[in-house]
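The values are calculated or read from the model by the stated rules, or taken from the named source; none is laboratory data. Computed from a prediction, not measured in an experiment: that's the story for all the values here. Glycine also receives a Cβ, built like all others from the backbone with ideal geometry; neighbour counts cover every protein chain displayed.
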Amino acid sequence: MARPNTTPARGARANRPVRAARPARSALLLVLALLLAAIGYLGVGTGRQLLADRSFRPIAVPAPTAAPPGIGALLSQAPAPPAAARSRPNAPVPTPAGVAAALAGALADPELGPSVAGQVFDADTGALLFDQRSTESVAPASTAKLLTAAAILSVRQAGDRFSTRVVAGAEPGTVVLVGGGDPTLSAAPAGQPTRYAVAARITDLAARVKAGLGGTAVRRVLVDDSAFTGPGSAPGWDPVDTPSSYASLITATMVDAGRDSADAEIRSAAPELAAGTALADALGGAEVGPGQAPAGARLLGQVRSAPVDVLVEQMMRASDNVIAEVLARQVAIATSRPASFAGAAEAIRAVLGGAGIEIGTGMVDGSGLSVRDRIPAAALARALLVTLDPAHSRLRPLLSGLSIAGWDGTLLDEGRFSGPAAIADGAVRAKTGTLTGVSGMAGLVTDADGRLLVFSFVADQAPAEGPSRVAVDALVATLVRCGCR
């Protein structure tokens with residue numbers, strides 16, 4: 001059974017007790033501690049979004065050796081597109097022989113299994129420093145989300161939003177909820193925080209519908225989910241994946257990334273009807289069922305999703321499979337293809353191919369959850385190199401979505417970069433990928449000389465019960481330690 005890496009981002013370190021003898025200072029420290037905890041939980045980019053009152057632009061991405069930004073940096077950050085990380089001035093470039101020699105021992109770890117594919121590049125020059133089986137197709141697991149992120153940012157602007165509408169039904173007292181592919185529309189009650197920052201709310205939508213109806217009671221809510229087509233689960237998904245804590249059926253209408261309620265951990269077995277039920281409850285109670293919006297129906301109300309760059313960061317940092325699949329379908333819609341698993345995979349392949357990122361024909365979903373997914377490991381490193389290219393600056397939110405070792409997201413999982421590999425804390429920004437028998441990571445690392453490197457490693461025949469993630473961490477930590485000259 002597939003076991004994806006879906007651990008939510010966790011927050012800042014525990015704070016020391018505050019002495020009561022200095023109340024003014026204690027109160028200030030308490031406020032700062034709460035802000036740090038909130039930012040750590042939501043992720044650096046989304047934390048800044050809250051502080052900026054929705055005038056969101058992703059934070060500048062410093063060289064990975066820089067410490068995670070504190071409150072002062074977040075408050076003073078200018079609203080500009082993130083700059084690409086770069087090497088320390090005059091940092092020496094590693095040699096291919098030096099990198100190969102440094103990695104040899106870590107690559108021989110039996111916990112990686114017999115199939116390890118990977119590449120290492122110098123980020124500034126694009127020079128290839130290491131290559132092993134990078135053109136062979138491997139199972140990417142959640143590192144595939146890098147490709148989905150690059151594709152959606154290629155076809156949509158960072159500030160674009162997706163609308164959820166309610167229109168009048170064909171009969172009096174009937175309204176139709178029309179899904180537009182917003183994965184984080186929230187059913188959280190008014191006054192309570194949403195699971196995903198800056199999410200649109202069902203309660204706001206209901207208020208607008210009530211105003212549009214002018215007092216007419218709603219007896220029936222129909223859900224029009226026709227924006228997406230095809231099956232709700234992908235080839236290679238295990239039946240136990242839907243519903244689970246990490247996946248649901250993929251529908252155009254959902255709340256809280258496929259959950260029945262904002263506080264649910266297990267996702268919904270019928271996400272579209274869960275969204276309809278949330279709207280019906282907010283309208284005072286009504287019958288719920290599937291339906292279709294009449295042609296030319298009167299608009300009663302609509303809400304808009306968080307911006308695309310926020311959704312990308314949320315998908316990447318928490319490795320959220322449902323957000324990934326919805327964004328993949330948005331790539332299909334933007335390129336006039338069917339909004340299905342097959343259409344989304346075809347769209348991602350075509351869009352990335354236009355940017356020189358060749359993923360082959362083996363991708364079947366947008367999250368990497370399918371055990372049938374196959375891509376060349378070279379595509380992962382290439383996607384990162386393209387993102388660093390000034391000619392592709394619109395892709396930069398992908399960088400701010402990468403988790404930071406020892407700080408947030410899937411690189412804060414228990415056991416990640418522990419022991420000798422803890423040297424990587426703060427020096428690595430990456431996307432992880434974990435399924436049964438698969439462990440991978442792709443991202444940016446700053447070596448001991450201050451040189452920024454791009455890397456991708458995928459071990460897709462690792463022992464099913466072994467600590468393959470620890471072995472991948474050791475590979476990446478080796479790059480942190482060495483100047484490799």
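The table that follows gives values for the structure above.
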{"item": "Any hit, the stretch 276-284, residues being in a loop (DSSP other than H, G, I, E, B), surrounded by fewer than 21 Cβ atoms within 10 Å (Cβ to Cβ) and modelled with pLDDT under 95", "result": "yes"}
{"item": "Yes/no for Ile250 being under 16 Å from Gly368 (Cα atoms) and either in contact with a His (Cβ under 8 Å, 6 or more places away or on another chain) or of a type outside the set (Ser, Thr, Tyr) (or both)", "result": "yes"}
{"item": "Residue match in the stretch 191-212 (condition: within 30 Å of Thr436 (Cα to Cα), surrounded by fewer than 20 Cβ atoms within 10 Å (Cβ to Cβ), out of contact with any Ser or Thr (no Cβ under 8 Å at 6 or more places or on another chain) and among the hydrophobic types (A, V, I, L, M, F, W, C))", "result": "no"}
{"item": "Test: residue in the stretch 335-343 that is crowded, with 24+ Cβ neighbours inside 10 Å, closer than 22 Å to Phe162 by Cβ and under 21 Å from the mean Cα position of the chain (by Cα)", "result": "yes"}
{"item": "Number of the exception - Glu465 against (1) surrounded by 23 or more Cβ atoms within 10 Å (Cβ to Cβ); (2) of a type outside the set (Val, Ile, Thr); (3) more than 20 Å from Asp124 (Cα to Cα)", "result": "(1)"}
{"item": "Residue within the stretch 409-432 that is under 16 Å from Ile357 (Cα atoms) and assigned to a helix (DSSP H, G or I) present", "result": "no"}
{"item": "Residue in the stretch 344-353 that is surrounded by fewer than 24 Cβ atoms within 10 Å (Cβ to Cβ), more than 19 Å from the chain's Cα centre (by Cα), free of Cβ contacts under 8 Å to residues at least 60 places away in the same chain and part of a loop (DSSP other than H, G, I, E, B) present", "result": "no"}
{"item": "Residue within the stretch 283-300 that is of a type in the set (Gly, Ala, Ser), closer than 19 Å to Ala200 by Cα and in contact with a Leu (Cβ under 9 Å, 6 or more places away or on another chain) present", "result": "no"}
{"item": "Residues located in the stretch 263-314, provided they are of a type outside the set (Ser, Thr, Tyr), in contact with a Phe, Trp or Tyr (Cβ under 9 Å, 6 or more places away or on another chain) and touching a residue at least 60 places away in the same chain (Cβ under 8 Å)", "result": "Arg304, Ala306, Pro307, Val308, Asp309, Val310, Leu311, Gln314"}
{"item": "Residue list for the stretch 373-392, restricted to those being out of contact with any helix residue (DSSP H, G or I) (no Cβ under 9 Å at 6 or more places or on another chain), part of a helix (DSSP H, G or I) and touching a residue at least 40 places away in the same chain (Cβ under 8 Å)", "result": "Ala378, Ala381, Leu385, Pro390"}
{"item": "Residue that is farthest from Val445 (Cα to Cα), among those in the stretch 114-128 that are assigned to a loop (DSSP other than H, G, I, E, B) and out of contact with any Asp or Glu (no Cβ under 7 Å at 6 or more places or on another chain)", "result": "Pro114"}
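So that you can scan it fast, the table gives a plain yes or no per residue for (1) assigned to a helix (DSSP H, G or I); (2) buried (at least 24 other Cβ atoms within 10 Å of the Cβ); (3) modelled with pLDDT under 95:
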site	(1), (2), (3)
Pro92	no, no, yes
Gly98	yes, no, no
Ala144	yes, yes, no
Ala150	yes, yes, no
Arg165	no, no, no
Pro172	no, no, yes
Val175	no, yes, no
Pro183	no, yes, no
Ala188	no, no, no
